[in-house]
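The next block holds one structure in the form of structure tokens; read it before the comments.
The values are calculated or read from the model by the stated rules, or taken from the named source; none is laboratory data. Source: prediction; values computed, not measured. We place every Cβ from the backbone using ideal geometry, glycine too, and count neighbours over all the protein chains shown. Side chains included, ligands, DNA and RNA excluded: accessible areas come from the protein's heavy atoms. Shrake-Rupley method; radii C 1.70, N 1.55, O 1.52, S 1.80 Å.
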Amino acid sequence: MQPKVNQTASNIKISESVLETIVKTVIGEIPGVARLCTRSNWPLDRILDRPQSHRVVGKVDGEAAQVDVTVVLAYGCKMKKVCLEIQEKVKEAVQDMTGIAVSRVNVYVADIVRADTE
């Protein structure tokens with residue numbers, strides 16, 4: 001006699017803060033990234049006096065995740081190359097660690113800084 005097996009599907013939910021932690025770790029290892037942005041530098045945000053924006057926003061909609069990252073880059077870096085590397089590595093890390101497909105990684109460059117001002 002075989003035991004009855006419950007055939008109901010189970011769900012795995014991953015917190016958006018877990019996505020944020022993964023992204024922060026990956027970003028810290030990419031050359032050319034000075035830091036994550038802690039406050040929006042967009043003029044419209046300042047005019048409307050919006051509250052602090054998040055550095056990393058991860059949203060899981062259905063089967064795929066979307067990640068928005070706002071960074072400050074180091075002066076002199078190849079911005080396009082660094083942004084493409086951010087997109088590639090974030091997507092790879094999130095997919096490998098969570099098993100969730102990543103539909104898009106949006107990278108926003110809020111500022112650039114010289115190495116001597118850090």
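Of all residues in region 108-118, those satisfying the criterion of being surrounded by 14 or more Cβ atoms within 10 Å (Cβ to Cβ) and among the aliphatic types (A, V, I, L, M) are Val109, Ala110, Ile112. Candidates in region 53-107 are the residues that are touching a residue at least 60 places away in the same chain (Cβ under 8 Å) and open to solvent by 70 Å² or more (accessible area, probe 1.4 Å); of these, the one that is nearest to the chain's Cα centre (by Cα) is Lys89.
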